[in-house]
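Report on the following structure.
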Amino acid sequence: MGSLPNLNVLSAADRPPISRLFEPPRPVVRQHQRIVGGSLHHHGHHHRVVQTRSGGAYWDDFVLEQMASYSPVSTRSAHSTALPSRRRDSLSSSGGASSVRRLIAVVRNTPSRLGPVYSRRVLLRNFAALCLGHATLTAAFLPLLALQASISTWWWPHGALLLAALHALASLSSLAAPTLVQRLGCNWTLILGYAHACVFFGLHLYPVAYTMVPGYIVMGLWLGPLVSARVTFLMTLASKLSYVVSEDEEAEEQNNCRRETVVRRLARGLQTAQDFGFVLGNGVAASLLWFTRQDDEGFQVDGLFLEDDSGDRICGSEACPFFNPPEVTNVTEDDSLFFLPCKTSAMLASVFLGCSVMGVALTAAFLDRIRMFVYQDPLERPTGIAALRAVRNAFRDPRLQLAAPLAVFIGLEQGFMFADFSKTYVVCTLGVPNVSLVFLSMGSLQSLAAFTLSMMLRHIRRCIVIAVGFVFHACLLLVLLLWKPSGDDPALFYVISAAWGVCNAVWETLNFTLLVTVYPDSWQAPLAHCYFFRFLGLSLAFGLHGGVCNWLKLYALATALVLAVAPYTWLEMRLESRRRLKTHLTAL
């Protein structure tokens, strides 16, 4: 007879592992899911429904269930005791490493306070829609701003005053913008803002007082929320994209600087879209101005400038506000309001209206409702009150107080270019058709400078950039003060405007990167604070357009440049010293 088998070994082989004797039946996880933009996503604020094989259902936390199922203890069996010690250690280490990797994946994909986790494709598609909508609105608004501020194309002689009122109301609406964006959401704020822009440009087809004044007032009230919603959506996308990383990207960059890098890249793309719209809009406007003009007298600008004893126009820094309406014959009373031919002004307004309609269509069709950051109030008050408190506290922040003069200066120098330079330098010497060409040159070099500087700021000290921008801008102010413009050398107009665009790109890039770096999680109130002072500077520049001589404005700009750069440089030096100290302590 053969030997009988060892019954202890057989029973041990048939017996399940000890760790699974008291384990409940493995549950089947059913997750609540929803489709966003064609991709499948998980709700971040719902628990998972867990149903056992026996039919009973109960609620459980998804992370704890995954941690239990991937625990190295639960995967051990009774056979592991019979293995050699070296083999057992190897299995334990490999099982533990695998569990840790799975746990990291679960935690990374688990929604947090930032809301649901979206795919990279959905986020980039929303960013492309945001950039296209912003480019179309910029292509309409900025060329209209230049023509209305310089020669009051659509409502003589109060075009600059209308723009001053518009930006004054925009500065006030910027303070309430975070509250409105929290109430309506980014999507509806952008759609409503673009929709009113359509009405605003449509009113320029037949400009009369009882429609233009309310249109500019309401546009000013919507301009602040429109800017806030655009940047809020940008920062929301940056927060989402910073958590959607591959293993290579995670190995390349650390988590703490990943979000800052994404913000820089998205802001660079949005600024490029804005400059592209600026260039495109001025290119279309320049084409219409050149093809519709009949002769130099057709634009009716002769009576707008002072003349010396020899009969030549006084242009440049010596020009002072002067209004002497030209004597126009063979036109109706309504036609005398225009300094462009009626056909040209109507065509420009139609093109601007088409751009704004395209912006509404792109925003409404391609922007998804992505969950954004919500203010956290310790007293559990409504989010609107928390946003207002944050804006009020921003005015008490010493760092924002030091950055406020630079924001005012940005508004002043932009208003000077749109109103005074375009009228008393370009129109006075070269004529109306060259205004859009000059700003096309400005936008082109401004786009190149902003794109390059955004990438170089990680490798160049910010104080060096401030010094270069200060010297460059001071030289430009000196040139405008001493230069007597002449039509014999038109290239200088394009060179000066392009150089001014470089300086404008320096100040805007430094200001925006400061806000998103110093306030990475609470940037809404600092942004409202910044645009309040920027729109205030624009309003002041447009308001003084018809009341102060150019040489006084240039001296005022030089003084404002010194008063803006000095505190801002000190702020940057303080922040740089703190960053170095923090890096040194971290290294220790």
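The values are calculated or read from the model by the stated rules, or taken from the named source; none is laboratory data. What you see is a predicted model; the values in this text were computed from it and never measured. Glycine also receives a Cβ, built like all others from the backbone with ideal geometry; neighbour counts cover every protein chain displayed.
If the requirement is being β-branched (V, I, T) and surrounded by 15 or more Cβ atoms within 10 Å (Cβ to Cβ), which of these qualifies: T569, T559, T586?
On the way: T559 fails: surrounded by 15 or more Cβ atoms within 10 Å (Cβ to Cβ); T586 fails: surrounded by 15 or more Cβ atoms within 10 Å (Cβ to Cβ).
One residue alone meets the criteria, T569.
Restricting the search to the stretch 196-215, which residues are crowded, with 17+ Cβ neighbours inside 10 Å and either among the aromatic types (F, W, Y) or within 19 Å of the chain's Cα centre (by Cα) (or both)?
Selection gives A197, F200, F201.
Looking at the stretch 441-462, which of its residues are of a type in the set (A, V, I, L, M, F, W, C), part of a helix (DSSP H, G or I) and farther than 16 Å from A273 by Cβ?
Selection gives M442, L445, L453, M455, M456.
Test each condition in (1) touching a Pro at 6+ places or on another chain (Cβ under 6 Å); (2) outside any helix (DSSP H, G or I) for R396 and report the one that comes out false.
All conditions pass for R396, except number (1).
Select from the stretch 474-525 the residues that are modelled with pLDDT under 90 and among the charged types (D, E, K, R) and write down the one among them that is farthest from T569 (Cα to Cα).
In this case the residue turns out to be D488.
So L540 ticks every box in (1) closer than 27 Å to R392 by Cα; (2) crowded, with 21+ Cβ neighbours inside 10 Å but one. Which box is left unticked?
Tallying (1) closer than 27 Å to R392 by Cα; (2) crowded, with 21+ Cβ neighbours inside 10 Å, L540 fails exactly one: (2).
What are the residue pairs meeting all of these: first residue in the stretch 344-360, first residue surrounded by fewer than 18 Cβ atoms within 10 Å (Cβ to Cβ), second residue outside any helix (DSSP H, G or I), Cβ atoms under 9 Å, and 6 or more apart or on different chains?
From the stretch 344-360, the pairs are A346/Y206.
Which residue pairs have Cβ atoms closer than 9 Å, lie 6 or more positions apart in sequence or on different chains, and pair a first residue in the stretch 519-530 that is not assigned by TED's automatic domain parsing to the domain that holds R389 with a second residue that is in a helix (DSSP H, G or I)?
none
Failed condition for F201, given (1) in a loop (DSSP other than H, G, I, E, B); (2) closer than 20 Å to F439 by Cβ; (3) not hydroxyl-bearing (S, T, Y), with all others met?
Unmet condition: (1).
Examine the stretch 114-135 for a residue that is in contact with a Pro (Cβ under 8 Å, 6 or more places away or on another chain) and not polar (S, T, N, Q), and state whether such a residue exists.
Keep residues of the stretch 114-135 that are in contact with a Pro (Cβ under 8 Å, 6 or more places away or on another chain), which gives 117.
Then keep just the ones that are not polar (S, T, N, Q); that gives 117.
Yes.
Within the stretch 349-386, take every residue that is assigned to a helix (DSSP H, G or I) and touching a Lys or Arg at 6+ places or on another chain (Cβ under 9 Å) and give me the one that is modelled with the lowest pLDDT.
Initial filter on the stretch 349-386 (assigned to a helix (DSSP H, G or I)): 349-366, 383-386.
Still in the list and also touching a Lys or Arg at 6+ places or on another chain (Cβ under 9 Å): 366, 383-384.
On the way: F366: 90, T383: 61, G384: 67.
Checked the stretch 349-386; the qualifying residue modelled with the lowest pLDDT is T383.
Can you name the residue in the stretch 535-579 that is of a type in the set (G, A, S) and not in a helix (DSSP H, G or I) and is also farthest from M417 (Cα to Cα) among such residues? Can you show your working first?
Looking only at the stretch 535-579, we keep the residues that are of a type in the set (G, A, S), and these are 537, 539, 541, 543, 546-547, 556, 558, 560, 564, 566, 577.
Imposing the further condition that a residue be not in a helix (DSSP H, G or I) reduces the set to 546-547.
On the way: G546: 14, G547: 16 Å.
Applying the filter and picking the extreme gives G547.
So, of the residues in the stretch 136-164 that are within 14 Å of A285 (Cβ to Cβ) and among the hydroxyl-bearing types (S, T, Y), which turns out to be modelled with the lowest pLDDT? Explain how you work it out, then say what you get.
We begin by selecting, within the stretch 136-164, every residue within 14 Å of A285 (Cβ to Cβ); these are 138-151, 153-154.
Keeping just the survivors that are among the hydroxyl-bearing types (S, T, Y) gives 138, 150, 153.
Details: T138: 95, S150: 85, T153: 82.
Among residues in the stretch 136-164 that are within 14 Å of A285 (Cβ to Cβ) and among the hydroxyl-bearing types (S, T, Y), the one modelled with the lowest pLDDT is T153.
I'm checking my understanding of the structure. Among residues of the stretch 445-457 that are out of contact with any Asp or Glu (no Cβ under 8 Å at 6 or more places or on another chain) and touching a residue at least 12 places away in the same chain (Cβ under 8 Å), which one is surrounded by the fewest Cβ atoms within 10 Å (Cβ to Cβ)?
To start, the set of residues in the stretch 445-457 that are out of contact with any Asp or Glu (no Cβ under 8 Å at 6 or more places or on another chain) comprises 445, 448-449, 451-457.
Filter once more, so that each one left must be touching a residue at least 12 places away in the same chain (Cβ under 8 Å): 445, 449, 451, 453-455, 457.
Numbers: L445: 20, A449: 21, F451: 17, L453: 20, S454: 20, M455: 11, L457: 16.
Taking the candidates together, the pick is M455.
Taking the condition of being assigned to a helix (DSSP H, G or I) and either under 20 Å from V565 (Cβ atoms) or in contact with a helix residue (DSSP H, G or I) (Cβ under 9 Å, 6 or more places away or on another chain) (or both), how many residues in the stretch 463-491 meet it? I'd like the intermediate steps shown before the answer.
Here is the first cut: in the stretch 463-491, the residues assigned to a helix (DSSP H, G or I) are 463-482, 491.
Retained after the next criterion (residues that are either under 20 Å from V565 (Cβ atoms) or in contact with a helix residue (DSSP H, G or I) (Cβ under 9 Å, 6 or more places away or on another chain) (or both)): 463-482.
Residues meeting the conditions: 20.
Out of curiosity, is V432 crowded, with 24+ Cβ neighbours inside 10 Å, modelled with pLDDT under 90 and either farther than 30 Å from A566 by Cα or in the same structural domain as W483 (by TED's automatic domain parsing) (or both)?
Working: crowded, with 24+ Cβ neighbours inside 10 Å: yes; modelled with pLDDT under 90: yes; either farther than 30 Å from A566 by Cα or in the same structural domain as W483 (by TED's automatic domain parsing) (or both): yes.
Here the answer is yes, as V432 does meet what is asked.
Is the stretch 572-582 home to any residue that is closer than 21 Å to Q401 by Cα, touching a residue at least 60 places away in the same chain (Cβ under 8 Å) and in contact with a Phe, Trp or Tyr (Cβ under 9 Å, 6 or more places away or on another chain)?
no
From the list A419, A467, which one is surrounded by fewer than 23 Cβ atoms within 10 Å (Cβ to Cβ) and either at pLDDT 95 or above or assigned by TED's automatic domain parsing to the domain that holds T153 (or both)?
On the way: A419 fails: surrounded by fewer than 23 Cβ atoms within 10 Å (Cβ to Cβ).
Matching residue, one of A419, A467: A467.
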